[in-house]
Amino acid sequence: MSKYNILFQKLKEQKKHAFIPFFVIGDPDYQTSLTVVKKAIDSGADALELGLAFSDPVADGVVIQAADKRALDSSIKVDDAFRFIAEIREYANKITSECLLPIGLLVYCNLVYKRGVEKFYSDAKKAGVDSILIADMPLEESGLVLDAAKNNEIDQIFLVTQTSSNERIKEINKLSFGFIYLVSVLGVTGARTNFSKDVSAFIKRVKENSTLPVCVGFGISNKNQVKEVIDAGADGAIVGSAVVKLIENNLGNKEKMLVDIESFISEMKKEP
Amino acid sequence: MKLNTKFGKFGGLFVPETLVAALEELESAFIKYKDDKKFNDELNDLLKNYAGRPTPLYFAKRLSKIAGCKIYLKREDLLHGGAHKTNNALGQGLLAKYMGKKRIIAETGAGQHGAAVAMIGALFGIKTEVFMGSEDIRRQRANVLRMKLCGTKVISVESGSRTLKDAINEALRDWIANVQDTFYLFGTVAGPHPYPTIVKHFQKVIGEESKKQILDTEKRLPDYVIACVGGGSNAIGIFNEFLEDKNVKLIGVEPAGHGLNTNKHGATLNKGSIGVLHGSMSYVLQDSDGQILETHSVSAGLDYPGVGPEHSFLKDVKRVKYESITDKEAINAFKLLSEVEGIMPALESSHAIAYAMKLAKTLDKNKVIIINLSGRGDKDLEQMEFLVK
């Protein structure tokens, strides 16, 4: 049973939901990034989404693009990223109950393909990755990785978006493990102040056509938005750009960076 | 998807989920209209009376004399807009019109595709916005002015190498956000399915005309067909008709920039490895991790780390040979054709001319070469001003 199944089962029993922050590995450099992600675990993150920096992140808005660039400029390689995840896994196992913190990897297809799909998945597994989401790989191309995911017991995650038909959502649910990543907005990643009014209806539509837990991401930056998606039936919220922005805002002051991350996550975690 | 999305193992649709429905919608419209009489009557009328097709196949007598064999130029430079890009912009633009789209976006490198999109936006009365790297805006100023004059909004892209690759990234991001009312008019035979197939469909007229024309004048097929390759749309456009003619040698010419052994070139098929960029699997210039490399070419239209998936396929099955030409050789060809024929080629097309001249030295004098003169060089004059000083 995957860590996600156990986590979502436990949260359901407690009538809670998952808060999942996203970070780019190595943003702004390996050591700082490591401290930041550990702080996120300390502050109560239920799971992590970690991104591999890519030179051409077409699904990402300006904040994540800048984070990718900072990581690449600090010479983070894919090998370093796996070493990073292994360190985070070790840390999480030490401090979280029952070694339960799931780690998701968010990556663009070329990095997986270039390493060799099987090697990428087995390296990921060794490092302690629980799920992989490939941002630019829809169902149509998933044949490339599904065997490797199965062989290495990694949950393959897919995006569903407002443009996905009900039939397609069912199909995605069938091929997915762990959870379904629901993209709340039409657009790239990035905080939105005007959260789309259709989000609640969309979450309901996805829930009606799927059986896995549903986590909502893209555009969520505050507690009201988290409440909105949870009220609509989501099982978790993924927050990327708003968290990464706290790194960007405090590049010159690493202590404040950690304080801001801690208070942001603690605030988001507080049940209303 | 209803059509085959791949060329061998290359191609596919490696895009975020949001775009899949839009690509399906585009494919359906393409299937519906590609053989539709009304659509084709309108397109053919525009190709003829608006754009000036057929373009001539010109026997370049003085150039041939220097080369030592027979050289014909397929004069896409004479097409309205000044390059082959108009064929595709008209075709896809008409698709956008039939689909009822209210807004067209596009990427551009040299600005030829952008200018073609700007023209058809004006022609069809559809709002157009073109993404262009700030480095390309600097070196292709004339085309920026043309786009603006036709009412297009030119959006400067400051990310990455600030060239074509980054313009495509930004156009894709815009499309993801505005997918419901926006048509992405992709400029080359790369990108996710169905673009490589659609762009080929609208560009294959180049080869169809060339074959007819060479059979009329020479009463035989050419020995060589040569075209420059960035993304590769003019090359696919002229090669497609000759693919089954096994005695016709097809040669694509990539930009070697400062040289293939430097890191300043854009010779994707010569120096790249297989990867996934901009929605399709193809050869890509990348590092050992799979990060995409920045490229260099004197010609903005060839300055791209990817290439259309069908070219990757044609390379691997050895139907097309891919050679390369340096900046310097291309500039010499730009000058040569201007001086001996009074035809100023685009710097992109100058790569094809330079390679043909090299090749011709090794051939008998009765051999026949067709070069796709994909565009005219007016846009490059400012950059090449040093040649006349």
Q: Would you tell me the mean number of C-beta atoms belonging to other protein chains that fall within 10 Å of each C-beta in A:156-162, as a whole number?
A: 3
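Cα gyration tensor of the stretch B:279-389, axes a ≥ b ≥ c as square roots of the eigenvalues: rounded (a/c below 1.5), prolate (a/b > b/c) or oblate? Mind dumping the intermediate values first?
Numbers: a/c = 2.44, a/b = 1.33, b/c = 1.83.
It comes out oblate by the Cα gyration axes.
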Q: Find the centroid of the Cα atoms in the stretch B:27-70 and in the stretch B:356-370, then give the distance between the two in whole Å.
A: 25 Å
Q) Where a ≥ b ≥ c are the square roots of the eigenvalues of the C-alpha gyration tensor, would you call the stretch A:3-269 rounded, which needs a/c under 1.5, or, failing that, prolate if a/b is larger than b/c, or oblate? A) rounded
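Rounded to the nearest 0.05, what FRET efficiency do A:ARG83 and B:LYS61 give with R0 = 51 Å and r taken as the Cβ-Cβ distance? Could you check? Intermediate results must be reported in sequence, preceding the final value.
Numbers: r = 65 Å, r/R0 = 1.28.
Once the sixth-power term is evaluated, E becomes 0.20.
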Q | Simple Cβ-charge dipole of chain B, Lys/Arg +1 and Asp/Glu -1, about Cα centre, in debye nearest 20 | A | 1040 debye
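Magnitude of the Cβ-charge dipole of the stretch A:115-221, K/R +1 and D/E -1, about the Cα centre, nearest 20 debye?
Values: 13 positive and 13 negative charges, 68 e Å.
Dipole magnitude for the stretch A:115-221 comes out near 320 debye.
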Q | A/B buried area, accessible surface, summed, 1.4 Å probe, Å² | A | 2900 Å²
(Q) List the aspartates and glutamates whose Cα sits under 13 Å from the Cα of A:LYS270, skipping any in the same chain fewer than 8 residues away. (A) A:ASP46, A:GLU262
Q. Two-decimal Rg/Rh of the stretch A:1-129 from alpha-carbon positions, Kirkwood Rh?
A. 0.97
Q. How large is the charge dipole for the stretch A:3-269, taken about the Cα centre, if only the Cβ atoms of Lys, Arg (+1) and Asp, Glu (-1) carry charge, to the nearest 20 debye?
A. 500 debye
Q: Could you work out, residue by residue across A:186-193, how many beta carbons of other chains sit within 10 Å of that residue's beta carbon, and then give the average as an integer?
A: 3
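For chain B, what does the relative contact order come out to in percent, with C-alpha contacts under 8 Å and a separation of six or more? Please list the in-between numbers first.
On the way: 864 pairs, mean separation 79.1, N = 389.
Relative contact order here is 20 percent.
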Q.
I'd like the distance separating the alpha-carbon centroids of the stretch B:262-334 and the stretch A:22-58, in whole Å.
A. 33 Å
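Counting only protein heavy atoms, what percent of the accessible surface of the protein assembly as shown is carbon or sulfur at a 1.4 Å probe? Please list the in-between numbers first.
Numbers: 12440 of 24400 Å².
Percent of accessible area from carbon and sulfur atoms in the protein assembly as shown: 51.
Which order do the peptides B:256-263, A:214-221 come out in when sorted by mean C-beta neighbours inside 10 angstrom, highest first?
Numbers: B:256-263: 16.0, A:214-221: 25.5.
Taking the mean over residues of other Cβ atoms within 10 Å, the ranking is A:214-221, B:256-263.
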Q: Compute the acute angle (0 to 90°) between the alpha-carbon long axis of helix B:112-124 and the principal axis of greatest extent of the alpha-carbon atoms of chain B; round to the nearest 10°.
A: 50 degrees
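Provide a whole-number value for the mean count of partner chain Cβ atoms within 10 Å of the Cβ atoms in peptide B:160-167.
Details: counts 4, 1, 0, 0, 0, 2, 2, 0.
Other-chain Cβ atoms within 10 Å of each residue's Cβ, averaged: 1.
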Q. Just how much of A:MET137 is accessible, in Å², when a 1.4 Å probe is used and the result is rounded to the nearest 10?
A. 10 Å²
Q: Counting other Cβ atoms within 10 Å, keep those with at most 14, restrict to DSSP loop, and tell me which chymotrypsin sites (Phe, Trp or Tyr not before Pro) in the stretch B:20-118 are left.
A: none
Q.
Using +1 at the C-beta of Lys and Arg and -1 at the C-beta of Asp and Glu, which of A:SER131, A:GLY233, A:ASN173 has the Cα lying farthest in the positive direction of the dipole of the stretch A:3-269?
A. A:GLY233
Q. For the pair B:GLU244 and A:LYS204, how long in nm is the line joining their label points, each one 7 Å along Cα→Cβ?
A. 5.7 nm
Q. Dipole of the protein assembly as shown (Lys/Arg Cβ +1, Asp/Glu Cβ -1, origin at the Cα centre): which of B:ILE274, B:ILE168, B:GLN383 lies farthest to the positive side?
A. B:GLN383
Q: Using a 1.4 Å probe and ignoring any ligands, DNA or RNA, find the accessible area of A:ILE230 and quote it in Å² to the nearest 10.
A: 40 Å²
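The values are calculated or read from the model by the stated rules, or taken from the named source; none is laboratory data. Small disclaimer: the values here were computed from a predicted structure and weren't measured. For neighbour counting, all protein chains shown are included, and Cβ atoms are generated from backbone atoms with ideal geometry for every residue, glycine included. Heads up: the accessible areas ignore ligands, DNA and RNA and are worked out on the full protein's heavy atoms, side chains in. Shrake-Rupley method; radii C 1.70, N 1.55, O 1.52, S 1.80 Å.
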